[in-house]
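Presented below is the structure to which this report refers.
The values are calculated or read from the model by the stated rules, or taken from the named source; none is laboratory data. It should be emphasised that the depicted structure is a prediction, and the values quoted were computed from it without experimental measurement. Cβ coordinates were reconstructed from backbone atoms using ideal geometry, including for glycine residues, and neighbour counts include every protein chain displayed.
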Ligand code: GDP
């Protein structure tokens, strides 16, 4: 991801090299190039606008520095502003003073929530936490067993409604889809308290598109579990739709942080660059593949350096 954005940015900044002094026209020209590069990478228009305005103001007002030539100075400004739109500081999970810390995952179906649940569990275990995964995606056939598989891989316990039991009434062959995810979430937290798990990761159902029933269900789970962190899981490959999806989840459920998934893909990546500015919530983790270890804390400065090459 970001290869073409990186190439274009490098190309536009290269034109500045060798110039002793930058005129206003030079700065306007490079800003036009940067603007096009960002728009082509699917970065949301309001984000591009404010980004370019800041770069222009700072580049035009930049003091002459003995250490940096004008081109280097513009690169430095672009780098700092990129770090800024990516959130500035790395934001870590805030663990509850009284365990268990509850982390709820929300996002569209296919965004990578269940995979992330396993990755987070492993990451937490590596730091000597004892996570319990709670299966509240009772919508998608196979989601519970998928969570059980990733839990097993991560060496983490999974709390799920037992096949054949019907917590919320109704019945079918497995009984699972008849269970009420809010009840499962509540029971999962009680289980964590009883058995001294210090973190609870609640996997929730996602639909292919935003829908009110999904939002109401996620909000119900939120109210029942009072999560310390609600992570919005966003597939970075979905392009322009990322912004409206993030806004819908922000309005419908609310979240404290974003996890970007599929950053290993070859899409244009504008979602990654827009979501922080648009929602005001930090990107906390990045997922870069299907394996448990393809996952890390998100570092805005490292991502900006990667984009600027
Ligand atoms: P959910 O519906 O939100 O629970 O999504 P899943 O966890 O089932 O993930 C949907 C698909 O995306 C699965 O095939 C995952 O293996 C895949 N996936 C998840 N995260 C990543 C990632 O970071 N990179 C890639 N390439 N694939 C991913």
- Which is under 20 Å from residue 37 (Cα atoms) and surrounded by 17 or more Cβ atoms within 10 Å (Cβ to Cβ), of 275, 258? 275
- Task: Please indicate, with yes or no, whether at least one residue in the stretch 260-280 is touching a residue at least 60 places away in the same chain (Cβ under 8 Å), under 14 Å from residue 235 (Cβ atoms), in contact with a strand residue (DSSP E or B) (Cβ under 9 Å, 6 or more places away or on another chain) and in a helix (DSSP H, G or I).
- Result: yes
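So that you can scan it fast, the table gives a plain yes or no per residue for (1) on the phi < 0 side of the Ramachandran plot; (2) away from the ligand (no atom under 14 Å from the Cβ); (3) in contact with a strand residue (DSSP E or B) (Cβ under 6 Å, 6 or more places away or on another chain):
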position	(1), (2), (3)
86	yes, yes, no
89	yes, yes, no
103	yes, yes, yes
106	yes, no, yes
111	yes, no, yes
116	yes, no, yes
124	yes, yes, yes
129	yes, yes, yes
- Message: Just to verify a result, which residue in the stretch 281-305, among those that are more than 16 Å from the ligand (Cβ to nearest atom) and in contact (Cβ under 8 Å) with a residue 60 or more places away in the chain, is nearest to residue 245 (Cα to Cα)?
- Response: 282
- Task: Return yes when residue 271 is at pLDDT 90 or above and either within 13 Å of residue 107 (Cβ to Cβ) or more than 15 Å from the ligand (Cβ to nearest atom) (or both) and no when it is not.
- Result: no
- Name every residue in the stretch 225-237 that is crowded, with 18+ Cβ neighbours inside 10 Å and away from the ligand (no atom under 12 Å from the Cβ), in order of residue number. 225, 227, 228, 229, 230
- Which of the residues spanning the stretch 214-259 are assigned to a loop (DSSP other than H, G, I, E, B) and more than 30 Å from residue 97 (Cβ to Cβ)? 239, 240
- Note on the structure: Inside the stretch 92-134, the number of residues satisfying the requirement of being crowded, with 19+ Cβ neighbours inside 10 Å and part of a loop (DSSP other than H, G, I, E, B) is 7
- Note on the structure: Scanning the stretch 135-149 for residues that are within 12 Å of the ligand (Cβ to nearest atom) and surrounded by fewer than 22 Cβ atoms within 10 Å (Cβ to Cβ) gives 139, 140, 141, 142, 145, 146, 149
- Message: Restricting to the stretch 135-155, name every residue that is under 15 Å from residue 188 (Cα atoms), in contact with a helix residue (DSSP H, G or I) (Cβ under 9 Å, 6 or more places away or on another chain) and part of a helix (DSSP H, G or I).
- Response: 147, 151
